[in-house]
Amino acid sequence: MKLQWFEQVSSHVIEHKVKSGVFVATGLGIAMILAQLVYPWDRLPLHAVIDSVPVGGKSMKEATKTLNKQYANLSLQLYFGDGDKPYQEPKPAEVGLSIDSTKQVKASNYEWWQRLIPTSLWWAHLLSDNRVDPTYQNDSKKIMEYINKEFGKECIVKSQNATIKYENDRLQVVSAIDGGTCKTNDVLSLLKNAKPRISDAKIKISIEPEPAEISDIKAGKFAATIQDRTAAGLTIAVADETVNVTQPTLLSWLDFKTSDGELVAIVNKKRADEFFAKQVAPKLAKTAGTSRITTLDFTVVSQKLGATGQKLNTDATIKAIQDWLSGSKDSVDAKVSTVAPQITYTRQYSATDTGISALISQFAESHSGSFGVSFIELDGQKRRAVYQDKKLFRTASTYKLFVAYSTLKRIESGTWKWSDQVHGGRNLAKCFDDMIVKSDNECAETLLYKIGFQTITNEIHAIGLSNSSFVHKYIETTAGDLTTFVGSLYAGQILSKTSTNTLLSAMERNIFRQGIPAGAKGTVADKVGFLEDYLNDAAIVYSPTGNYVLTILTKGSSWGAIAELTRQIEALRTK
C-alpha cells in the first residue's frame, strides 16, 4: 500500500516538473525571440564573417566600410609562370580595380524570419551565402598604364635573381623569380576579369619563361661557400693585437648583391659600425696635437706644428674584409687614416689697407655664411679694404636706395613733386621717408613700377654701378656697387645738396639698427635689407676717428656677425 502511494506521488511530482520545464523553456524562447526582434535591423548577426573578416554585430554600413577598406588595401599577388613567389603585389587602385562589398554584406543580413527562431542570433551567420562576390569595376585605361609602366609595351617581365639573407643564425636562400615575356592582351584580360578576395588574391599570368641569371642552386652554393669561409670566425690584426669576430656576428653584417652575373658579399657599414667603434677603433686611436700659428695680415710669421694622429679607416677595413670573404686575401689588417692636428691661430693685423683686408677675409672665412664686404675711409688715411666685393647678392631692401636715387632725380628735374599722391593716401614726401626709415615695401614697389625696372637699371649704371641690375631673375647688387653709391652720395657727386641731405637724413633715422650701427661708434646713416637668409647693410659711419663707408652683404649669416665685424674694423682703424 505504501509503495503504491509513493509511486502516485512521484508521478505527480515528475508531471509537475515537466510542465514547469516546458513553461520555462517556452518563456525563455519567447523572450529570446522578442530580444532578437528588438536587435537592430541594420546589424549583422553575431559571429558573422565575410571573406575571412569578422563583422559580427556591425551595422551593414560599418561592415561595408570595413570590408571596402580591406579591399582597397589588398595586395594583389601577381604570379608569372610557375613561380611560387609573387612577382609584384600592387594595390587594386594601381591596376584600375575598385571593389565594393555592398552585395556581400546584404547577403549576410539578419533576416526577419530568422529572428523568429530562438538562439538564431548566435548561429544565423551560418546561413549566410558566402559565395556572393563583391562588385568589381575595372578601368581598362588604368590597367594598360600599369602594364606599360611595369612591363613595357613589349610586356617583358624581368627576372629576379636569387639572393641570400642571414636568418636564424644561418644564411638562407631567397628564391629567384624567373622572368620572361608575356602577351599584353592576356595580362589585360586577366586583370580586367580578376575577382580577388581577401582570402585569395592570387592572379597567375602565363609567360614565355626566361630563367633568372642566379638560380636558387647557384645562390645556395655561394651561401655554403661563405658559411664555410666564416666557420671559424674572422681574426682582424689591430696594431699589435688581434680582434676576433664570431661567425654569427660577421654573417649579420653581410648584404648580398649581384655583380657581373655573380653574387658578392658586401659588409654593411651601418650594421658593423658598433662593433668597430667598441672593439677596433679604440685600439688604433691616437689623438692629434695642436698646431699653433701666428699671422700678421696674410703672412704666417711663426708656427709650431702639432703631432699627427690616427683613427680607424672603416671603409678600407671593410674592403679588406670583403677581399678576405672573396678569397683574394688570406688575412685582414685593420686600416688607419691620419688625423691632421688641430690649428689655432693668433691673428695680428697692421692698421693698413692690407691689414684691414686680411681682417675682413679671415673673419668671413671663420664665420658661417657667405660675405661680400667693401670698406672705404672718407677722410684721414683713406684706407680701403674689400672681400668678394664683386660677388652678386640679392639686394633685399637695399634696392630702395636705388629707387630713392631715381625718385630724387625726378624731384630735381621737376617731373615729380613731393605733394604727388603715391599710395594709400600718402604723398611722395611721406612715402619716400617711410621707404627709407621704415623700409616700407608698398611705397617702394609703387615707385619702382612707376619708374620702371629697366629705367632704374640704366640710371644706376650711368653712375658706375655696373654690377647692379633690376632686370635679371632677382634684383642684385654687390658690396662694391653699394659702397660706390653711398660714398658718391656722401661726396655730393650724384645728387644736389638738398637731395643728398634728404636721403642721408632718412638713412640716419632708419629704425633697423642691429647690423653696422650696433658695432660702430658714432652716428650711422644706413639702409638694411633682409630677405630669406640674406642680411645686408650699407652705411656711412660718422666716427669720432674719421668717417667711412662700410657695406656688408651676407647670405646665411647673422646681424650679430655683421655688428662684430664692424666692431673689429673700428678697433683696427684706431690701433
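Just to be sure I understand the curve: with the Debye formula and one point per C-alpha of the range 158-295, what is log10 I(q)/I(0) at q = 0.13, 0.17, 0.19, 0.21 Å⁻¹? Debye intensities relative to I(0), on a log10 scale: -0.77, -1.00, -1.10, -1.20.
Add +1 for every Lys or Arg and -1 for every Asp or Glu among the other residues with Cβ under 13 Å from the Cβ of ASP178, and state the total.
-4
So, R0 is 41 Å and r is the distance between the beta-carbons of LYS497 and GLU564; what FRET efficiency does that work out to, to 0.05? Step by step, r from the Cβ atoms, then E = 0.70. For the pair TYR136 and SER189, the difference between a 0.36 nm per residue extended length and the Cα-Cα distance amounts to 17.7 nm. Dividing the mean sequence gap of close Cα pairs (under 8 Å, 6+ apart) by how many residues the chain holds gives a relative contact order of 9 percent.
The mean of 1/r over all pairs of different alpha-carbon atoms in the chain, once inverted, gives a Kirkwood hydrodynamic radius of 34.1 Å. Principal-axis analysis of the Cα atoms of the chain puts helix 314-326 at an angle of about 40° to the longest axis.
The gain in end-to-end length when the LYS158 to THR294 segment is fully stretched comes to 42.5 nm, 0.36 nm per residue minus the alpha carbon separation.
Run through every distinct alpha carbon pair of the range 351-573 and return the Kirkwood hydrodynamic radius in angstroms, one decimal place. Taking the inverse mean of 1/r over all distinct Cα pairs, the range 351-573 comes out at 17.4 Å. Charged neighbours of LYS85, selected by a Cβ distance under 12 Å, balance to -4 (K, R count +1; D, E count -1). Per residue, the convex hull spanned by the Cα atoms of the range 230-343 amounts to 148 cubic angstrom.
Given a Förster radius of 41 Å and the C-beta distance between SER337 and ASP228 as r, what FRET efficiency does 1/(1 + (r/R0)^6) yield to the nearest 0.05?
0.80
Note down the net charge around VAL336, summing +1 for each Lys or Arg and -1 for each Asp or Glu among other residues with Cβ under 14 Å from its Cβ. In short, +1.
FYI, it's all coordinate maths here, none of it is from the lab. Quick caveat, the model's predicted, so the values are computed rather than measured. For neighbour counting, all protein chains shown are included, and Cβ atoms are generated from backbone atoms with ideal geometry for every residue, glycine included.
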